[in-house]
Amino acid sequence: MAATTGFCKGLANTWCLRIQIRSLGQAGIRNQSAEAGGAEKLAQRMRQERKNRGREEQINESPVKQQVRKLVQFSQQLQNVHPNVLAKALARSIVYQDEEIVVVDKPYGVPVHGGPGVKTSISDVLPVVAKILCGPGVETLYICHRLDKETTGAMVLAKNEKMAEHIQHLFRTRQVLKKYWYGLLLEAVRKGVKHQLRVHMAFGLGCPILGDHKYSNWNSLAPQKLPQSTLKKLGLEQAKARYLPVHLHACQLSLPVLEGQKNINLLCKLPRFFCNSLQKLKLQLPQLDKTKE
């Protein structure tokens, strides 16, 4: 009898212990759930606060900062969008078109050719642009000269290889006159060499183009250091100067007589961000000659 009683007590103790363990386990699960819920709410609150701070910064930022931010977003969007979207944007930017050539106003931040890290370039979408502008009769358009990724303005495309080679020859032999607005100066150039203007202005004249951070320092790649007077007019702090876009625009292009055609002289309006900078700096555009140089 005593043995039976002892066995029953041991069984009861074991059962109570199991109940206690189960209760502790359930309490632990509830605590973990509560902690997880609290962590999730904290993360949501932090995300909302970060989003609110971003909105406040956008509301309080100067017009120049707004333009720079929009420009960066636009150039990133152009490189990340579907090629057909970029093709349509180029087709809408036509400055001139005839039976042989097309001249477009190249947007900021879009590379002409592909390469490492480049998702979409102008050369990638030329077959689509040709179809939009010329129909099925023209398979693609041909690049006749290069513009830097950061450069805006007049860019010549040919509708066939023969015309492309002819125009490339005109560029090589300096028969094409291009005028650039850059660094808030106007310059005429007849030879297209990679980064020619940017290097000449920065290291030749000691006056780098506004926003050209690549060629603003001899020994390092660092944001362009601007005079306090310029920063004040632009409404920028030096720490934010790295967001300034390169102010380099191919504003005028003069082609000599092409086969069976008259001289072509084209003008491209400055992009909005460039005009805003000029306005802030109280500078006026020169009058460009619409006749042949």
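Tell me, please, whether a residue that is at pLDDT below 95, among the basic types (Lys, Arg) and in contact with a Pro (Cβ under 7 Å, 6 or more places away or on another chain) can be found in the stretch 136-149.
Within the stretch 136-149 (the criterion being at pLDDT below 95, among the basic types (Lys, Arg) and in contact with a Pro (Cβ under 7 Å, 6 or more places away or on another chain)), the answer is yes, since at least one residue qualifies.
Can you report the number of residues in the stretch 234-245 which are part of a helix (DSSP H, G or I), open to solvent by 10 Å² or more (accessible area, probe 1.4 Å) and in contact with a Lys or Arg (Cβ under 8 Å, 6 or more places away or on another chain)?
Of the stretch 234-245, the ones part of a helix (DSSP H, G or I) are 234, 238-243.
Remaining after also requiring open to solvent by 10 Å² or more (accessible area, probe 1.4 Å): 238-240, 242-243.
Then drop every residue that is not in contact with a Lys or Arg (Cβ under 8 Å, 6 or more places away or on another chain), which leaves 238, 240, 243.
Count: 3.
Only one residue in Leu258, Leu248, Leu197 is at pLDDT 85 or above, touching an Asp or Glu at 6+ places or on another chain (Cβ under 8 Å), within 30 Å of Glu165 (Cβ to Cβ) and crowded, with 16+ Cβ neighbours inside 10 Å. Which one? Reasoning before the result, please.
Details: Leu258 fails: at pLDDT 85 or above; Leu197 fails: at pLDDT 85 or above.
Just a single option satisfies the conditions, and that option is Leu248.
Test of understanding: among Leu205, Leu285, Leu266, which residue is surrounded by fewer than 20 Cβ atoms within 10 Å (Cβ to Cβ), modelled with pLDDT of 90 or more and closer than 20 Å to Trp181 by Cα?
Values: Leu205 fails: modelled with pLDDT of 90 or more; Leu285 fails: modelled with pLDDT of 90 or more.
Result: Leu266 is the single residue among Leu205, Leu285, Leu266 that is surrounded by fewer than 20 Cβ atoms within 10 Å (Cβ to Cβ), modelled with pLDDT of 90 or more and closer than 20 Å to Trp181 by Cα.
Out of everything in the stretch 220-229 that is of a type outside the set (A, V, I, L, M), open to solvent by 30 Å² or more (accessible area, probe 1.4 Å) and modelled with pLDDT of 70 or more, what residue ends up being nearest to the chain's Cα centre (by Cα)?
So, considering only residues that are of a type outside the set (A, V, I, L, M), open to solvent by 30 Å² or more (accessible area, probe 1.4 Å) and modelled with pLDDT of 70 or more, the one nearest to the chain's Cα centre (by Cα) is Pro223.
Just one of the numbered conditions (1) modelled with pLDDT of 70 or more; (2) open to solvent by 50 Å² or more (accessible area, probe 1.4 Å) is not true of Lys290; which one?
It fails just one condition, (1).
The values are calculated or read from the model by the stated rules, or taken from the named source; none is laboratory data. Only a predicted model underlies this, so the values are computations on that prediction, with no experimental measurement involved. Please note: Cβ atoms are built from the backbone with ideal geometry, for glycine as well, and neighbour counts cover all protein chains shown. In case anyone asks, the SASA skips ligands and DNA or RNA and just uses the protein heavy atoms, side chains included. Shrake-Rupley method; radii C 1.70, N 1.55, O 1.52, S 1.80 Å.
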